Amino acid sequence: MITAALISGLGLGSMYALLALGFHITYVVSRTVNFAQGSAMMVGAVLGYSFYITWGWPIWLAVPMTLTLCAVYGLAVERFLVRPFSSRGSEAWLMATVAAGILVDNLAMFTFGKEPRQFTSELTNTGVTLLGANISVLQMLIPVIGAAIALALLLVRRYTRLGKVLEACVQNPQAAMLMGIRVNRVVAIAFAVSAVFAAIAGMLIAPLFNVSAEMGTLFGLKAFAVAILGGISSASGVFLAGLLFGLVEALVTIYFGSAFTQIFTFGLVILALALRPNGLFGSKTMVKV
Amino acid sequence: MFKLLKPLRRRWPQAAAVTALSLLVLSPAQAAEAIKVGLVAALSGQSAKSGEALTRGLTIAIDEINAAGGILGQPVELIRRDDESNPAKGMLAARELIQREEVTVLFGGLDTPVSLAIVPLANQMKVPFMGIWAAGTGITHNGAEDNYVFRVSAMDEIVDEALVQYGIDEYNMQKPGMLLINNPWGESNEKGFRHALETRDMPYAGIERIESSDLDVIPQLTRLKNAGADTLLMVGNVGPSAQVVKSLDRMEWDVPVVSHWGPAGGRFSELAGPNASRVHFIQTYVFTEHNSAKGDQVLSALKSTYPEIETLADITPAVGIANAYDGMHLAALAIEQAGNTEGPAVRDGFYAIDEYQGLIKDYKQPFTTEQHDALGPQDYIFTHFVDGSIVPVKP
Amino acid sequence: MSKHSKTLLASGVSALGIASVIMAFMLDSYSLLVFSFFALTVVVGVGLNILIGLSGQISFGHIAFYAIGAYVSALLTMQGVSLWLALPAAGLVCAIAGGLLAIPALRVNGPYLAMITIAFALVVHHGLVEWRSLTGGANGLMGIPMPSLGDTDPAVLLALISTALMLGALVFFQLLRNSGWGRAMRAVKASEIAARSLGFNPVQTKTLAFALSALLTGMAGAVVSPLMMFINPASFPFTQSILFVLAVIVGGAGTVMGPVLGALLIVLLPEALSGAAEYRLLIFSGLLLGVLWVAPRGVLGSAARLWLKPVQQPAPVQPDLDQLSAFFAETPSSKGLEVKDISIRFGGVQAAKDVSFSAPPGSITSIIGPNGAGKTTVLNMISGFYAPNSGSIKLDTEVAGLPAWKLARAGIARTYQTTQLFGELSVLDNLLAGMQQGHLGNIVKGASDQQRALALQLLALVGYRGSVNSLADELPHVDRRLVEIARALASRPRVLLLDEPAAGLGQQDTQQLAALFHTLAGYGIAVILVEHDMTLVMAVSERILVLDAGRPIAWGSASEVRQDKRVIAAYLGGTSYQATPRDQPWKGSRDARLYIKDLVLDYGAAPVVNKVNLVVNPGELIAILGANGAGKSSILQSLAGLHPATSGSILLDDESIHHLDASQIAARGLALVPEGRQMFPQLTVRDNLMLGAFSRTDKVDADAEIEAILRRFPRLRDRIDSLAGLLSGGEQQMVAVGRGLMAKPKILLLDEPSLGLSPAMIGELYDALAALRDEGVTLLLVDQMANLALQVADRAYVLETGRIVKSGTAEELRGDSALEAAYLGEGAVA
């Protein structure tokens, strides 16, 4: 039981981490986030379902198409919900993304349908036995894919030109502009990447769970907790916090029952932030007078 | 000044036009003498599908009634309000329907807490409130001297009794384990199960809670298994119920599952996979390939009114439709009996209904001053999923 | 707040009250219920407004306080306790819960604070579900009794209670806002730094804001339970929390009536939309988005700024000196400030070392030094923002290392390089906040007439001529400086620290400032000045401390300091270094590469650069010289597109570029090596260099070009793969120049390249610049080290307070005495 729980804890945790990396990436370049990140995840799962199951597209077409559309969704979020406010120095982007999340969830309800659907995948039906627990291939894959994407993000940021440009905008936006980098465009790209991460998480988690219009709400909240807990400006911190959150959740479920997971996990978030105001893995920023 | 919100609502159609939300379907203004009936239910969010079923059942019945000349010669009009599963919103909406729209009968809700919030209001305002889904015992057994609350649906206490008896009869259940959704519905059934088991002096392996957000329920199931559970009693919506089946598969634990009607609320067989049929669950009504004449009539009306319904699998949840359908017809008969739309008269009209050949059963004197629930244990049927459709376990 | 808007507000609140009471008796019970919810939402909104509008924090957890209030009142009234007792009890419980939540919430801000409050809401929600024995679990509590009073209909009674709470909350908010408590909260919100240096303890104000906010929310919740007669956790969904915040923001955070408007939006609009059934949420969220787009800063906030202009009320022209001296005479006598051997280190940088000086009461002391000498660091240690690593600061007792707010209460007041006024407060309120000396005073009482009068006198003293009711945000630059000094004085300091008070002021204003300093010294205040305007420094200072690279190099009277060789060297740049001059004087094309005509720049106030004309020809090295604050860097930043020009034109190779943004200008071949190097610290040197080539469209042969940079700066060869942030200042400067060169620019702008470098490094850097010049690269150089710049430049422009006062070939300008005057303030005024 412990093995199974730990695996599913790691799996869920890495999905929280993936969503949270979406918060991270937009935050570092623009100090803004899409608060409705959960809705982006839902959009990913719903589109993936529609293309792959409903319309029967082959997977090599359905997945790239979903990711592309989600990237466009991310660009739209930035262009219409974030930039109009952040460029005026207003914090109302926060409210705007929340409101848009409700809007998108409801739109999905009327187009996709009101009942949860099963995203069947061969990967969930094939199982392996590990230390006495029966675990589906997908469940083994999810943490691996999650870690691989986080690693890929790390490598892209460290070794590619795009990564360097992104890094430049994060570390010193003004100097980046002086290099001729269009910081606005980089921010937009960050939002697209953020939505793509959410979509990947949505498509991975859907087969274990189900696809429905409101599947993202709680996920989004937990992912935000993960992002904050990890110290939102540290990518590796966010990823570790995601795994930690998933594991704590799994262990609390085992020992106290799932009714108590949210009390425990969110209680721990308050405690952790009280003790480490910049997150578990965040670094202190110096106040300049 | 007296009707603070009236002007706003009046202006609403223009506003809708302005916002270009042409998909918005507003019922066209009816003749002034229409008899209005209200529905307060969750029409958005997680329970939206069930709310839609209630709407469909009521609409089919109203269409039939209007086609037959209405009630007391007047057409019937349905007015719906979304309660977002929030008792505060539900209570507000009920008040609005009663006072503003002056509905003759109020139909209600999916969530027991929302109905519980409306009950005192209905009794105080003397407007009949017909429960067509929420199964909380306290809704009809509300202790009011002047009780205006009726129900054409299951009642948790009786369902729990029936589930326990089914386990004993079919599976020789000795030590059940309970899996309950962590919400008011689950809580209410916990009480019912405990009572049913106590009267039989039967021990239980444990009570475990499940959440819609649980990715798997293996920890809960393992605890029940280790405690020696020989049968599972399950109360949960379609999503978590499916997770239970999938987790059982992965644990390779072959244990009978007896369930409340949760699995009927959606595409359970799709969600739960090949072993969906292992769950036997209770229903008040199912549409099958071979229905009664009434059943076929409603089914074809559904298909023609809602083109998106193509197969039996698209009719979910059937209980919602059936309860709402029969509830509406019973209410119509009550108003006919009363001869007017005054609340107390209509309430007495319900008592005066002699016989009604309904979808679920033939009702004979369905309501008395002592009995506000039209359905009883003898009306429940046990069903399971076969090839995506709900079929009775014993035809 | 002016009389006019006060009356408007009073009549607004009373009209609302009368209308509410009438409605309570006349509405049908549905409308009555909607109205009651509306009134309660206003109460919650007001509570949240205290948090958001006054103290500048945010909470997505207020639904939890609402729920706690409802449960407390339900549980008590079901035990037979009267609602009249349950109501305050619920408020009290929530106030305590709010105060407790403030403990973790205080240490964090921004998204971290949002998360803590979200977590709180979820924990409370699930706690209510799980604590079945007390809360009835998910099925909640039923049969909550309604209050009774005579034969009044309980529903009407509840509506009246809600109305009373609403009106009470609105009046309370208005009183609170203008009381000592409210001013303290608003001060902390507007500028926590300045608030601390006026003695306010942010921990205190933020905790109080949380507690008060929770108190109001809890009381509103307490009325919900009898109103509903049934409550369960689902009655208090998390989304409601977000709507509460939205109501405050859309209505206008910080305004009294904002929550009323917001409550209309989130209570009445959904009711009006109820006919839309399942489409209601969809339409509602769409409309919310629309409202946000139209009025992102809140409807009332924007409207008030547009239509409700505060009444003009100028400060008196002549101060009443008797009253002022009586005010300052109350200052306890002291021996003044004694600073001994204070040092501080940031990472590897010794920002200040063994700095000592004394400032007796009634004296004027200046701390001067070239840019980056550590002057502001010393002020920060004295005012408590940095704790010195060693040394002592005595103001009668030892005060080194105390937090800023304690130092402020001990009698040290200060101003800032960039003014830190409380922008959303009026000028008068800024002063009244200062006068509180960090104390909160009465929770609902405003300032006394006497305090107002005194504030006006202080404004008269500093020479402020504007309206005292203007918002500090809207003041012109000069007035900000004056008001900031007046605010510091309002706290009746024994020591007054002034950080560049004359920056950006005209000559006449500066002279008045000098007179003011003398007056203040006359009141027995120890005035300590950090200032670049040497004319002013030399004129007013009794003694001057000169710092260079964090170390004191001279201490004495003005004339002593001016003659000090080390001081002159520090300011004008050592003359020991000799750059290689051009073999032959420059003779190139006169088709200007860069042509600047009538350039005017300002930062919202008086122009900092005024009608500057400047030409750079291809292959020339041009220097812009001038003292700090003369506007040199502003010109370069404007050329690079970082700061828009107010007027004038900038042509690069005959193409106008002043309307383009920084990235577009960079793409057109103008590269700026910015002041302070502006590395990408977490990237390697190689990556920094490669990013320099970002905007190029031709093919970049990375290896060869980096090799060329390394040949130019051999010192970088060993560091090419280390992180740029780990390099020394000189090495970073070389990277910055190299990064600029990688762009193959048409013109390379260098802003203070020698700043903070050791002499050896400066030599190396200037050799490289000379080499570039000889290779034909077009360069525009700004350097405070005038002698240094003139060694390599072909021509130079001398800038003084935003105007070009002299220009000519480097040869002509070298040894020109006017240049030294521009830097060291020869021929002092006053």
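The values are calculated or read from the model by the stated rules, or taken from the named source; none is laboratory data. Note that the structure is a prediction, hence the values are computed from the model and not measured. Here the Cβ positions follow ideal geometry from the backbone for every residue, glycine too, while neighbour counts run over all protein chains shown.
Quick notes on this one:
- Scoring B:Asn86 on the criteria (1) under 16 Å from the mean Cα position of the chain (by Cα); (2) among the polar types (S, T, N, Q); (3) at the interface with chain C (Cβ under 9 Å from one of its Cβ atoms) leaves a single failure, condition (1).
- Among the residues making up segment C:634-648, none is within 15 Å of C:Arg593 (Cβ to Cβ) and either away from every other protein chain (no Cβ under 14 Å) or at pLDDT below 90 (or both).
- For segment B:224-252, the set of residues classified as at pLDDT 90 or above and surrounded by fewer than 22 Cβ atoms within 10 Å (Cβ to Cβ) consists of B:Lys225, B:Asn226, B:Ala227, B:Gly228, B:Asp230, listed by residue number.
- Residues of segment B:273-285 satisfying the condition of being under 29 Å from A:Ala206 (Cβ atoms) and either in contact (Cβ under 8 Å) with a residue 60 or more places away in the chain or in the same structural domain as B:Ala61 (by TED's automatic domain parsing) (or both): B:Ala276, B:Ser277, B:Arg278, B:Val279, B:His280, B:Phe281, B:Gln283
- Hits in segment A:24-74 - residues which are of a type in the set (A, V, I, L, M, F, W, C) and in contact with a strand residue (DSSP E or B) (Cβ under 9 Å, 6 or more places away or on another chain): A:Met42, A:Ala45, A:Val46, A:Ile53
- Condition met for B:Ala53 (crowded, with 23+ Cβ neighbours inside 10 Å, closer than 23 Å to B:Leu116 by Cα and in contact with a Pro (Cβ under 9 Å, 6 or more places away or on another chain)): yes
- Breaking point among (1) under 23 Å from the mean Cα position of the chain (by Cα); (2) free of Cβ contacts under 8 Å to residues at least 40 places away in the same chain, for C:Leu157: (1)
- Here the condition is being within 14 Å of chain B (Cβ to nearest Cβ) and at pLDDT 80 or above; of A:Lys164, A:Lys114, it holds for A:Lys114 alone.
- Answer from C:Ala786, C:Ala796, C:Ala810 - the residue that is surrounded by fewer than 23 Cβ atoms within 10 Å (Cβ to Cβ), touching a residue at least 24 places away in the same chain (Cβ under 8 Å), small (Gly, Ala, Ser) and in contact with a strand residue (DSSP E or B) (Cβ under 6 Å, 6 or more places away or on another chain): C:Ala810
- Here A:Val98, A:Val43 are screened, and the one residue that is assigned to a helix (DSSP H, G or I), within 15 Å of C:Pro111 (Cα to Cα) and in contact (Cβ under 8 Å) with a residue 40 or more places away in the chain is A:Val98.
- Condition check for C:Ala222: away from chain B (no Cβ under 14 Å) and in a helix (DSSP H, G or I): yes
- Count of segment C:711-749 residues which are surrounded by 15 or more Cβ atoms within 10 Å (Cβ to Cβ), away from chain A (no Cβ under 11 Å) and closer than 24 Å to C:Glu620 by Cα: 12
- Evaluation of C:Pro493 against (1) more than 15 Å from C:Ser363 (Cβ to Cβ); (2) surrounded by 20 or more Cβ atoms within 10 Å (Cβ to Cβ); (3) touching a Lys or Arg at 6+ places or on another chain (Cβ under 9 Å) (one fails), failing number: (1)
- Strands (runs of 3 or more DSSP E) lying entirely in segment B:297-395 (those with 1 or more residues that are touching a residue at least 60 places away in the same chain (Cβ under 8 Å)): B:355-357, B:381-386, B:389-392
- Members of segment B:225-248 that are farther than 22 Å from B:Ala135 by Cα, touching a Phe, Trp or Tyr at 6+ places or on another chain (Cβ under 9 Å) and free of Cβ contacts under 8 Å to residues at least 60 places away in the same chain: B:Lys225, B:Ala227, B:Ala229, B:Asp230, B:Gln243, B:Val245, B:Ser247
- When C:Met146 is tested against (1) modelled with pLDDT of 90 or more; (2) under 13 Å from C:Leu227 (Cβ atoms), exactly one condition is not met: (1).
- Residue that is surrounded by the most Cβ atoms within 10 Å (Cβ to Cβ) [pool: residues in segment C:384-405 that are over 17 Å from C:Phe346 (Cβ atoms) and within 19 Å of the chain's Cα centre (by Cα)]: C:Ala404
- Residue check, A:Gly279 closer than 30 Å to A:Gln171 by Cα, crowded, with 21+ Cβ neighbours inside 10 Å and more than 8 Å from every other protein chain (Cβ to nearest Cβ): no
- Taking the listed residues C:Leu215, C:Leu198, the one that is in a helix (DSSP H, G or I) and away from chain B (no Cβ under 14 Å) is C:Leu215, with no other qualifying.
- Scope segment C:580-602; condition in contact with a Gly (Cβ under 8 Å, 6 or more places away or on another chain) and either modelled with pLDDT of 80 or more or surrounded by 13 or more Cβ atoms within 10 Å (Cβ to Cβ) (or both); matching residues: C:Trp586, C:Gly588, C:Ile596, C:Lys597, C:Asp598, C:Leu599, C:Val600, C:Leu601
- For C:Lys353, the criteria (1) at pLDDT below 85; (2) in contact with a Lys or Arg (Cβ under 7 Å, 6 or more places away or on another chain); (3) of a type outside the set (Val, Ile, Thr) hold in every case but one, which is (1).
- Listed conditions (1) touching a Ser or Thr at 6+ places or on another chain (Cβ under 6 Å); (2) assigned to a helix (DSSP H, G or I); (3) within 14 Å of chain C (Cβ to nearest Cβ) are all met by A:Gly48, apart from (3).
- Spans of helices (runs of 4 or more DSSP H) in segment B:124-209 with at least 1 residues within 14 Å of another protein chain (Cβ to nearest Cβ), free of Cβ contacts under 8 Å to residues at least 60 places away in the same chain and among the polar types (S, T, N, Q): B:137-140
- Unmet requirement for A:Leu243, which otherwise passes all of (1) more than 15 Å from the chain's Cα centre (by Cα); (2) more than 20 Å from B:Leu180 (Cβ to Cβ): (1)
- Segment A:211-247, subset touching an Asp or Glu at 6+ places or on another chain (Cβ under 9 Å) and assigned to a helix (DSSP H, G or I), residue nearest to A:Asn278 (Cα to Cα): A:Lys222
- Within segment C:348-396, considering residues that are in a loop (DSSP other than H, G, I, E, B) and of a type in the set (A, V, I, L, M), the one nearest to C:Ile412 (Cα to Cα): C:Ala387
The rows are residues; the columns are (1) more than 9 Å from every other protein chain (Cβ to nearest Cβ); (2) aliphatic (A, V, I, L, M).
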position	(1), (2)
A:Gln174	no, no
A:Met179	no, yes
A:Val186	yes, yes
A:Val196	yes, yes
A:Gly246	yes, no
A:Ala250	no, yes
A:Phe266	no, no
